[in-house]
Amino acid sequence: MAGRPYQSERDLAAVTRIWREAGWIDDSEARASALGEILDGGRTVVADLNGSAECVVQTVPGSMRYGVGPSALDLDLAVITFVAAGHVARHQGLAGGLVARSLAEAADDGAAMASLGIFDQGYYDRFGFGTGAEDHVVSFDPATLDVAVPNRPPVRIGVEDHREIYDLLLRRHRGHGSVMVELPALVPEALAELERPVGLGFRSDDGRLTHCLLGSMAGHHGPLTVEWLIYEEPRQLRDLLGLLRALGDQVRSVTISREPSGVQLQALLAEPMRQLSQANFGASARPLHTAWSKVQWRLLDLASCIEACALPGINLTFGLRLHDPLVERSGATWPGIGGDYTVHLGEESGVTDGLPTGSAPVLDASVGAFTRLWLGVRPATGLTITDQLAGPPEILTALDVAFRLPPPLSDWPY
């Protein structure tokens, strides 16, 4: 098995150097100390080169919500929180070996899914990952928000409140695809990255933090970039947007890094088309709205994921030839989940080994493509154009109907 477990006394200095070479932390001792807490908080593995750790990968347990309403389930999730190689270790195969090891260990622990943030699309496809849904990044003049300013003043929220923020994340309003990460130390590290931080929120009568926004201000008139909008109940989002409107007499531009699940912010803006036109003027103009995915997912336990599908009104059985690139990776200790299966989708769904007998249609898919289909990132008919997924027209159309899900948004940067 590639690499070895991280040992704090032996490896902290080397891993700190790796993070600094990656530009993820500065040279301060405070950031190095915070990194030590993160490294100790998950399953961290390193690979050595010339007697020193030169590559590091961490996996943290968590959960992902699948579905909506009463039938939604929280599936065990392995979150690969970072993959980093030092300058002398690039293109040496160390990172790939550690990622494969981490997936094997996560599968052995019983995780149903794995997810990670990507530096760019393509590298992690070789491990069976498929690209997730886009995060919508929305910029606007906060003075044009059609929401009421809250009738009570907010409280300031900062890095010293990191444990309360983490606890609020655990009980926040969640949608399909939303993630929980069992590593509180990630929150103060994320807050420490904010330059000129802005944190505002509200507490209940008993002092509990109920909803807040966190971001950073670039200049006197902004833009104010909001990295977190966290709330227990949907109605509380309007309070947070009302705080942004209240800042509109000073701040000319606000950017929401992740549009909340199920919400179209354009519906709350006055004259959004005028703002779009103005955003396109001049060389320094900033886009009003962009959409990109920086998260990828893959199935680790096919049976658990299929059994999570509660699909009333659906009665569909098909064969699945699933191709997992891990089986082709030399030295991999876990071959992945490739193979031939019979899948049944309905109010109670399940999977058995082997292709069905008779005339049931057969779907051919890579793990990454089938993960995207199962999550509802894109319909089967669309995935046949962009991904490794193919089958008879009747099964593709039936799968389009079966997997009608909201966009799976992790709602937690990692």
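The values are calculated or read from the model by the stated rules, or taken from the named source; none is laboratory data. All values derive from a computational prediction rather than experimental measurement. Neighbour counts run over all protein chains shown; Cβ positions are idealised from the backbone, glycine included. Just so you know, the surface numbers come from the protein's heavy atoms only, side chains and all, with ligands and any DNA or RNA stripped out. Shrake-Rupley method; radii C 1.70, N 1.55, O 1.52, S 1.80 Å.
Being in contact with a helix residue (DSSP H, G or I) (Cβ under 6 Å, 6 or more places away or on another chain), part of a loop (DSSP other than H, G, I, E, B), farther than 25 Å from TYR66 by Cα and among the acidic types (Asp, Glu) is a condition met by no residue of the stretch 191-205. Evaluate the following for THR144: is it of a type in the set (Val, Ile, Thr) and either modelled with pLDDT under 95 or in contact with a Gly (Cβ under 7 Å, 6 or more places away or on another chain) (or both)? So THR144 fits the description; yes. Among the residues of the stretch 216-257, those identified as among the charged types (D, E, K, R) and crowded, with 20+ Cβ neighbours inside 10 Å are ASP239, ARG245. For LEU213, indicate whether it is within 23 Å of VAL68 (Cα to Cα), modelled with pLDDT of 95 or more, open to solvent by less than 10 Å² (accessible area, probe 1.4 Å) and hydrophobic (A, V, I, L, M, F, W, C). In short, no.
Answer yes or no as to whether ASP26 is in contact (Cβ under 8 Å) with a residue 40 or more places away in the chain and acidic (Asp, Glu). So ASP26 fails the test. Of all the residues that make up the stretch 43-83, how many are within 17 Å of the chain's Cα centre (by Cα) and of a type outside the set (A, V, I, L, M, F, W, C)? Selection size over the stretch 43-83: 11. Taking the stretch 324-414 and the strands (runs of 3 or more DSSP E) fully enclosed by it, the elements with 2 or more residues that are touching a Phe, Trp or Tyr at 6+ places or on another chain (Cβ under 8 Å), without any contact (Cβ under 8 Å) to a residue 24 or more places away in the chain and surrounded by fewer than 19 Cβ atoms within 10 Å (Cβ to Cβ) are at 350-353.
Results for (1) of a type outside the set (Ser, Thr, Tyr); (2) touching a strand residue (DSSP E or B) at 6+ places or on another chain (Cβ under 6 Å), shown as yes or no for each residue.
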residue: ALA13; (1), (2): yes, no
residue: GLU21; (1), (2): yes, no
residue: ASP26; (1), (2): yes, no
residue: ARG43; (1), (2): yes, yes
residue: SER63; (1), (2): no, yes
residue: SER71; (1), (2): no, no
residue: LEU75; (1), (2): yes, yes
residue: ALA85; (1), (2): yes, yes
